[in-house]
Amino acid sequence: AIALLGQAEALVRATGLRGIHFVDEAMPAGLMQRFGLLAKERLPDLAWWGNVRFDRSFTPAVCRTMKEGGCVAVSGGLEGLVDSVLTRMKKGVRLVPMIQSLLAFRNSGILVHAYLIHAFPGSTVKETVDALEVLRQLFQADLLGSAFWHRFALTVHSPVFAEAKSYGLHGVCVPSGGFARNEAHYEEDGIEAVDLLGDGLRKATFN
């Protein structure tokens, strides 16, 4: 936390800007609580936000300290939004603890943006519609500021890629050209009905 704040102070001096974005789930709760305490003392007008993993470690006390230290927003993956899909994703967290962390952020005045995934291998239409209903309730309870649905992408560093056959995927291949080669093509039987829901999910969420 001390090293991070030193970097923040150096950036402020070099650029005159007083905003920081932490990327790629770089905001574990314990570290951000310590960073918030230091920032409150040494950079009281610093504003920062970034990507988190929504789990029980973001308690009301942690979130309050983050807010007092300049945290204005967080973003993170709620992914499939139902426990059956979260389990298949091997997310490592279930829905209720994630919602508890959303409540802690909301009560602290920190804005929350959620990433959602549809068409995860094996997902059913019912699971997808159930997920949308959970999302509706989260918005109704004012636990989210914004959210966006992404279609599942098979990335080469993911557990799904390593175990593609067990997820019912076939024809997996990694493109040989282009700017990046981190996303693989694949085929999945019976995905058509779930895949058709993408536009509806995004339109419903927008509204």
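Observations
- Taking Cα atoms only, the orientation of helix 29-42 departs from the longest principal axis of the chain by about 30 degrees.
- Share antiparallel - DSSP beta bridges, the chain, percent rounded to 5: 20 percent
- Relative contact order, percent, segment 78-123 [alpha-carbon distance under 8 Å, six or more residues apart]: 48 percent
- Cα-based radius of gyration for segment 1-104, normalised by 2.2 N^0.38 Å, reads 1.16.
- In degrees, nearest ten, helix 95-108 long axis to first principal axis of the chain (Cα): 30 degrees
- Note on residue 192: accessible area approximately 120 square angstrom, rounded to 10, probe 1.4 Å, nucleic acids and ligands left out.
- Pairwise Cα inverse-distance average, inverted: Kirkwood Rh of segment 102-148 (Å): 11.6 Å
- Most mobile listed residue (128, 15, 65) in the chain, GNM with C-alpha springs under 10 Å: 15
- Dividing the mean sequence gap of close Cα pairs (under 8 Å, 6+ apart) by how many residues the chain holds gives a relative contact order of 16 percent.
- What the Cα atoms of the chain give is an Rg and a Dmax of 19.1, 56 Å.
- In the chain, a dipole from Cβ-located charges (positive for Lys and Arg, negative for Asp and Glu) runs towards its positive end, and of 65, 22, 137 it is 65 whose Cα lies farthest in that direction.
- Taking 0.36 nm per residue of separation and subtracting the current Cα-Cα distance, fully stretching the chain between residue 134 and residue 150 would add 4.1 nm.
- Given charges at beta-carbon only (K, R positive; D, E negative), |dipole| of segment 64-145 in Debye: 180 debye
- Using the 1.4 Å probe convention, the accessible area of the chain works out to 53 Å² per residue with neighbouring protein chains retained.
- Within straight-line cross-link reach of residue 67, lysines at Cα separation under 19 Å, skipping those fewer than 8 residues along the same chain: 40
- Here the accessible area is traced with a 1.4 Å probe on the protein chains. For segment 1-124, carbon and sulfur cover 60 percent of it.
- Under the convention that each Lys and Arg Cβ holds +1 and each Asp and Glu Cβ holds -1, the size of the dipole of the chain around its Cα centre is about 740 debye.
- Globularity index of segment 68-170, i.e. its alpha-carbon radius of gyration over 2.2 N^0.38 Å: 1.15
- Distance from segment 1-70 to segment 78-147 (C-alpha centre basis), Å: 24 Å
- Normalised by the number of residues in segment 100-202, the mean separation of alpha-carbon contacts (under 8 Å, six or more apart) gives a relative contact order of 30 percent.
The values are calculated or read from the model by the stated rules, or taken from the named source; none is laboratory data. None of the values given here were measured: they were computed from a predicted structure. As a convention, Cβ positions derive from the backbone with ideal geometry for all residues, glycine included, and neighbour counts pool all protein chains shown. The protein model used for the area step is the full one, side chains on, heavy atoms only, and it has no ligands, DNA or RNA in it. Shrake-Rupley method; radii C 1.70, N 1.55, O 1.52, S 1.80 Å.
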